[in-house]
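Each reported figure results from applying straightforward, stated rules to the coordinates on display, with no laboratory input. This is a predicted model, so every value here is computed, not measured. Don't worry about glycine lacking a Cβ; one is built from the backbone with ideal geometry, like all the others, and counts go over all protein chains shown.
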Amino acid sequence: MTPEPEGGEVAVAIRGLTKRFPGVLANENVDLTVRRGEIHALLGENGAGKSTLMSCLVGLYRPTEGHIELATGGEPLHQVDIHSPRDAIRLGIGMVYQHFKLVANQTVAENVILGVEGVGFVPNMKKVEAEVAELGERFGLKVDPTAEIWQLSVGLLQRVEILKLLYRGAEILILDEPTAVLTPQESAELGVTLRHLANDGRAVIFISHKLDEVLAFSDRVTVLRAGRNVATIDTKDADKAGLAKLMVGREVLFDSDREDHDPGAVVLSCDNVSANDSRGLPAVAAVSFEVRSGEILGVAGVAGNGQFELAECITGLRSLTAGRISLHGDDVTGISPRGFIRRGVSHVPADRLGMGLAGGLPLTDNFIMKRYKSAPISKGRFLRKRAITTLSDEYIKKFAVSTPSSATPARNLSGGNQQKAILAREIDAGAKSGLTPLIVAAYPTRGLDVGAIEAVREALLAERLRGAAIILISEDLDELLVLSDRVMVLHSGENMGVVDAVQATKERVGLMMAGESVTQ
Amino acid sequence: MRTGRLSALLLALLLALAACGGDTATTTVAGTDDTQAPTDTVATDDITKVAFVYVAPIGDLGWTYSHEQGRLAVEALDGVETTFIENVEEGPDAERVIREFAQAGNDIIITTSFGYMDPTLAVAGEFPDIQFVHISGFKNAPNMSNVFGRMYQPRYLTGMIAGAQTESNIIGYVAAFPIPEVIRGINAFTLGVQAVNPDAEVRVVWTNTWFGPPEEKEAAEALLDAGADVIAQHQDTTEPQKAAADRGGYSIGYNTDSRSFVGDSLLSAPIWNWANKYVPIVEEVRAGTYDGDESFWGGLETGLVDLASYGPSVTQDTIDLVEAKKAEMIAGEFDPFCGPIVDQAGTEQVAAGACMEDGDMLGMFFFVQGVIGEIPEE
Amino acid sequence: MIRFRLERRLDPPRYLNWVVPVVSVLLALVASGLLLLAFGANPIDTYVAMWNGAFGDIFGGEFYSVSETLVRATPLILTGLAVAVAFKMKFWNIGAEGQLVMGGIAASGVALFLPDAAPGIPQNLVVYGLLMGGAAILAGALWALIPALLKAYLNVSEIIVTLMLNYIAILWYSQLFTTSWKDPAGFGFPGSALFPEYTWLPRFFNTRVNLAIFIGLLAAVFVWVLLSKTRAGYEIRLLGDNPEAARFAGVSMFRNIILVMLVSGGLAGLAGMGEVAGISHKLQQGLSANNGFTAIIVAWVAKLQPWAIVLVSILLAAVFVGGDQIQMTMGLPASVAQVVQGVMLFFVLGGDIFSRYRIRVVRQHAEVTA
């Protein structure tokens, strides 16, 4: 049971909420109260029921059992039925989703009033712009109201989303994993903004699985595990290890043991590599670096600064506009993706279902993606079913992929298990090439729960020890600094410098991510 | 799982259909359940069953509509029942439909499109006691006659009317397919035009349709744009006639008298009166006197082909002229394809004093002088 | 106020695999029945007539009706497989109609002109069957290659190109049988001469069922093996499910577009050969009868599964063949038959949504209930 909060008026109380989907119990008898003036973190692994719970609050789902009480709009706490997101907004509840819902070629002010009831057919944009600017000023959410959305950075887009909620008079703000797309500095600024909002008497619910942020930003933490509220505690009484244990249900090791060993020969060498993004605009600008056998090179950067394109360049998926790539000393510039695969290049792509897996096809089909052209998976033009089954069973067992069967469509697996499946395939494909493998892992732990993150990190470290050259692209600076030997920072597609991971500080890397060139 | 769902669906369909079939097998309508392979089903009672196979909907106001008028006349006879099926494609489906009619115990089956010729012949071979009548073809069997009308005769007459009416001396002809029947019609029409107005020319546009409202409308409009003030046609829609009316021109129709749909811009039309052939066929079959493998190509004298009503703008002089010519044709004193006939290239095709044989007419593949246009070949 | 909302089923229960199709069919029969009643026809009598038309007294050992259903199904099987292969890769080949026609033209060309042009070739069914089949496959495949190349090189929409090529093929074919390939002994009437008898596909049991249906069944085996047992089929499935993942795996989109369209066009071409060599024995009006378009429905209802395509083709053919009875026995206009067929398809296709979604009744009233 949740202890009733001391002080501060209760803004929302979820009472005994159970949400059942066919065959799945997403939330079970959850109680949660959030007060005005507090930042309440909702912590839990993927699949713990955080999103479902919040979806009930914003009217996307109806609870199977239990109810919701609200004290918004000046009314006392009373039971409400929330049928739709529109109802939720009317009742003063708003949510910032992970994927922003903004219209790219409209201005900030236009986006803010989009869908607001009571705005005339021809709105007075001057007035709206002034109101938006005033709101921004008050809560530390400065954005030019006349700027068009496509001109703004990710951090600013998030501000627009928050402004939208404030303009609609939201008294309860829910933010779903808001720091995933931000630099450390931007995250810190967001923390300040959230505090402003709380001080203004609003209730802020902050969904996260990042323990550091939860500890830094929130007043209280509710931990969900397997759909149940396992604890609600004051943040000042919490520590990282304790929260992690509550979340996972067992002890978790935070410092991966990265054994020191000397890197070997150069596997990949990039020489002034430049490339365009999918719209034809320059994305990677004359980047040069090397990766050696037995080494993890971390690539840091705010999302959208060329990491994605760089990963495609060094796996053969994107053609270069300039520069040269060599693998094992051979120039491979311009060869086909298959050529890269044959030379031992593995790729854990950023977008699991977008690129890494064919979601509608069974796991077996996904496992053979890199090996279907050679024995024993195929013989001549035909696939060999028995070999495929053997391979699939081996992958599932070795990487502990949790799935009903190897015939299950990849889409139906959880994110963590999808990632394990990709890792199993990619690590094996590299090993089967006969050359020192190069593993390009882009955001391999994004969106995964603690258990899966551990598994992925351990797998990468094990490959490093076995001599693989690894490029690790991540938005999680802690992860980069823990796992990598060296960290390269990209800003606007340029290499801002490579730092030794042991000596680097988060602050320094953060500055480089913001565009300050720092050389060692 | 996908296959599972699908096979379930199929099975369900089968079961559903099977249930219907099973339950009511005993109440099956007589005539449909004795569909055993070719058994001969001559009517032993005195009801004669006649079935019609149509290529288009009966509401086409053209070819099929004209046959439907014939069927209604047959239906009105005592002791006769008729059925029909419309919209049957000229292709693999036709043979099945004809055979199903044969198995359903019909005594006479009339198939009303050229493309039904071979299917009709095939089924006729299997049912020697059923009389088949095929319209507009050229193949026969002991129990399959081929029947058609000398439509070129009334077309010649409408050519005379058009020739007398035109002021621009340009007459448009919206032609269907480049086959002898259509070419013969264009030639007869042109000869009729030139008989009253040697300065007039007939311009031909092909649509490659029998029933293509948009194409036929566009073709007529193109001809009107080119200066034509009278539009004739060979297709089964009234679109060319309507196009002419919209532009203040005149038209010559086809198949039936479409004045009530088109208005008085319609000068006249060569038309079919299938009742004048279908009723005698049915009566003769009932009497046992029908010549089962006749090749019938009837002209104005049989009433199978005729002329529609005259439009109010047709002068009495023209009407007198046309009626006189019609009387000559009925009396056998005149035929449009009696010489001299000269083709577009100036070669004499029929010498003065000679008349074209039926066989040559059926394979006619040249345009006479006065036609502006080409027969597409190769 | 009550609203209805579609909600995706996260985990569709298995019993729906049976319940949904059965209910769909029953609803289809009820809905068509109401329609028939409105036209003054007894629905039960009509369904009996349709069943008799499509299957006849099949349990009493009478096979004529069902043979006609199989004849009608044959080109649907081949064209259904043709579009399924392309659809599996999400390559929208709407051009099976034109590819069928091209196959029919090529087979007719061989049957009509090769015996005179090359009298040395043995004039028997085996040799000519293979030559006609080869020509039909080649013609269909080459016709399909045009949109494939345009897509592969220039990224031109295959939907538009395949659709438009249908009309070109159909117009060319009507041009052929009304002009240059016209039967010289046919008094100038449209239609080619009859093919020599040794080019006719053998028919069975005194019905019109001919070798082409076995070609169709073989093709189903071929497509099944291709899609589920071979490397090429794997690449096609991968491209169809997620082209990005295929690119990631080093699969060439270019190569597969061409391969798939060669197979697809070839199968449709074979359907054309089956129609001219098995049924009409000449090139004439009515070769395609919309099979290439109906094939899209077949492939869709069959969820692109080769064996299901065979079954769906037969069932759809039964609905078409039985549908004649709505006119012939019940004396209703052709349009009623088409509406009844449409209603049945609508329910069967539309019913599928209920196996993936559920309907929720949402009562909307005052937002606050104290």
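Just to confirm the number: angle between the C-alpha axis of helix C:334-351 and the first principal axis of chain C, 0 to 90 degrees, nearest 10?
Roughly 60 degrees between the two axes.
So what is the calculated 222 nm ellipticity per residue for the protein assembly as shown, using -39500 (n - 2.57) for each DSSP H run with n of 4 or more, over all residues, to the nearest 500 deg cm²/dmol?
The per-residue figure over the protein assembly as shown is -14000 deg cm²/dmol.
Considering only DSSP beta bridges with both partners in the protein assembly as shown, what is the antiparallel share in %, to the nearest 5?
The answer is about 45 percent antiparallel.
Rounded to the nearest 20 debye, what is the charge dipole size of chain C about its Cα centre when +1 sits on each Lys and Arg Cβ and -1 on each Asp and Glu Cβ?
Details: 23 positive and 18 negative charges, 260 e Å.
For this selection, approximately 1240 debye.
Pop the C-beta distance of A:Leu77 and A:Ala407 into the FRET formula with R0 = 51 Å and round what comes out to the nearest 0.05. It would help to have the intermediate numbers written out before the result.
Working: r = 50 Å, r/R0 = 0.98.
Here the calculated transfer efficiency is 0.50.
Residues with beta-carbon under 11 Å from that of A:Arg292, excluding A:Arg292: net charge, scoring Lys, Arg +1 and Asp, Glu -1?
Combined, the nearby Lys, Arg, Asp and Glu give -2.
By how many nm would the segment from A:Val122 to A:Glu9 lengthen if fully extended, with 0.36 nm per residue of separation less the alpha-carbon distance?
Extending this stretch completely gives an extra 36.8 nm.
Work through the residues other than A:Ile39 whose Cβ is under 13 Å from its Cβ and net out their charges, Lys, Arg +1 and Asp, Glu -1.
+1
Counting only DSSP beta bridges with both residues in the range A:266-513, tell me the antiparallel percent, nearest 5.
Expressed as a percentage, antiparallel bridges in the range A:266-513 total about 55.
Lys/Arg Cβ at +1, Asp/Glu Cβ at -1, dipole of the protein assembly as shown taken about the Cα centre: which of C:Asn206, C:Val251, A:Val24 is farthest positive-ward?
Final value for the positive-end residue is A:Val24.
How high is the relative contact order of the range A:442-520, given as a whole-number percent (alpha carbon pairs under 8 Å, six or more residues apart)? Numbers along the way, then the final one.
Working: 81 pairs, mean separation 17.6, N = 79.
Answer for the range A:442-520 is 22 percent.
Considering the Cα trace of the range C:63-312, what is its radius of gyration and what is Dmax, both in angstroms?
18.0, 62
Rounded to the nearest 20 debye, what is the charge dipole size of chain A about its Cα centre when +1 sits on each Lys and Arg Cβ and -1 on each Asp and Glu Cβ?
In total the dipole reaches around 2400 debye.
Strictly greater than 29 Å: what percent of every Cα pair in the range A:266-513 meets that?
Summing the P(r) tail past 29 Å for the range A:266-513 gives 26 percent.
Computed from the mean reciprocal separation of all distinct C-alpha pairs, what Kirkwood hydrodynamic radius does chain B have, in Å?
The Cα-based Kirkwood calculation yields 22.4 Å.
Mind checking which of C:Gly240, C:Gly103, C:Ala73 is farthest towards the positive end of chain C's charge dipole, using Cβ charges of +1 (Lys, Arg) and -1 (Asp, Glu) about the Cα centre?
Result: C:Gly240, furthest along the dipole toward the positive end.
Would you mind checking the radius of gyration and Dmax of the range B:325-372 based on alpha-carbon positions, in Å?
Rg, Dmax (Cα atoms, Å): 11.5, 33.
With the convex hull built on the Cα atoms of the protein assembly as shown, state its orientation-averaged projected area in nm².
Orientation-averaged projected area of the Cα hull: 59.6 nm².
Using a 7 Å offset from the Cα along the Cα-to-Cβ direction at both C:Tyr153 and A:Ala286, what is the distance between the two label points in nm, to one decimal?
3.8 nm
Under 8 Å for C-alpha pairs, at least 6 residues apart: give me the relative contact order for chain B, rounded to a whole percent.
Once divided by the residue count of chain B, the mean separation gives 16 percent.
Once both axes come from the Cα atoms, what is the angle between helix B:213-225 and the longest principal axis of chain B, in degrees from 0 to 90, rounded to 10?
That helix lies at roughly 0 degrees to the long axis.
Give me the percent of Cα-Cα pairs in the range B:245-327 that sit more than 19 Å apart, rounded to a whole number.
51 percent
Going toward the positive end of the dipole of the protein assembly as shown, with +1 on Lys and Arg Cβ and -1 on Asp and Glu Cβ, which of B:Ile231, B:Gly303, B:Ala176 do you reach last?
The residue sitting most towards the positive pole is B:Ala176.
Which entries in the list A:Lys50/A:Lys101; B:Lys242/B:Lys326; A:Lys101/A:Lys420; A:Lys101/A:Lys506; A:Lys379/A:Lys432 go over 23 Å, if you measure between the two C-alpha atoms of each?
B:Lys242/B:Lys326; A:Lys101/A:Lys420; A:Lys101/A:Lys506
Among the listed pairs C:Lys90/C:Lys151; A:Lys370/C:Lys90; C:Lys151/C:Lys303, which are separated by more than 20 Å between their Cα atoms? Can you show the working numbers first?
Numbers: C:Lys90/C:Lys151 13 Å; A:Lys370/C:Lys90 22 Å; C:Lys151/C:Lys303 24 Å.
Exceeds cut-off: A:Lys370/C:Lys90; C:Lys151/C:Lys303.
Do me a favour and compute the ellipsoid semi-axes for chain A from its Cα gyration tensor, root of five times each eigenvalue, largest one first, whole Å. Show your work: numbers first, answer last.
Working: eigenvalues 346, 154, 96 Å².
Here the semi-axes work out to 42, 28, 22 Å.
Tell me the relative contact order for the range A:266-513 as a rounded percent, counting alpha carbon contacts under 8 Å between residues six or more apart.
Across the range A:266-513, relative contact order equals 28 percent.
Computed FRET efficiency, Cβ-Cβ of A:Asn105 and A:Thr321, R0 25 Å: what is it to the nearest 0.05?
Given R0 = 25 Å and the Cβ-Cβ separation, E is 0.40.
Under a Cβ-only charge scheme (Lys and Arg +1, Asp and Glu -1), can you give me the dipole magnitude of chain B about the Cα centre, in debye to the nearest 20? Could you put the intermediate results ahead of the total?
Working: 19 positive and 57 negative charges, 151 e Å.
Charge dipole, chain B, about its Cα centre: 720 debye, nearest 20.
Quick one: net charge of C:Gly95's neighbours, Cβ under 14 Å, K/R +1, D/E -1?
Its environment carries a net charge of -1.
Run a plain Debye calculation on the range A:196-325 (Cα atoms as equal point scatterers, no solvent) and give log10 I(q)/I(0) at q = 0.12, 0.13 Å⁻¹, rounded to two decimals, same order as the q list.
Ignoring solvent entirely, the Cα scatterers give -0.77, -0.81.
If I take R0 = 60 Å and measure r between the Cβ atoms of A:Lys236 and C:Ile168 in this structure, what FRET efficiency does the formula 1/(1 + (r/R0)^6) give, to the nearest 0.05?
E between A:Lys236 and C:Ile168, to the nearest 0.05, is 0.15.
Please enumerate, by chain and number, the aspartates and glutamates with C-alpha under 17 Å from the C-alpha of A:Lys385, excluding those fewer than 8 residues away in the same chain.
Hits, sequence-local ones excluded: A:Asp365, A:Asp393, A:Glu394, C:Glu235.
According to the Kirkwood expression over distinct Cα-Cα pairs, how big is the hydrodynamic radius of the range C:48-133, in Å?
It works out to 16.0 Å.
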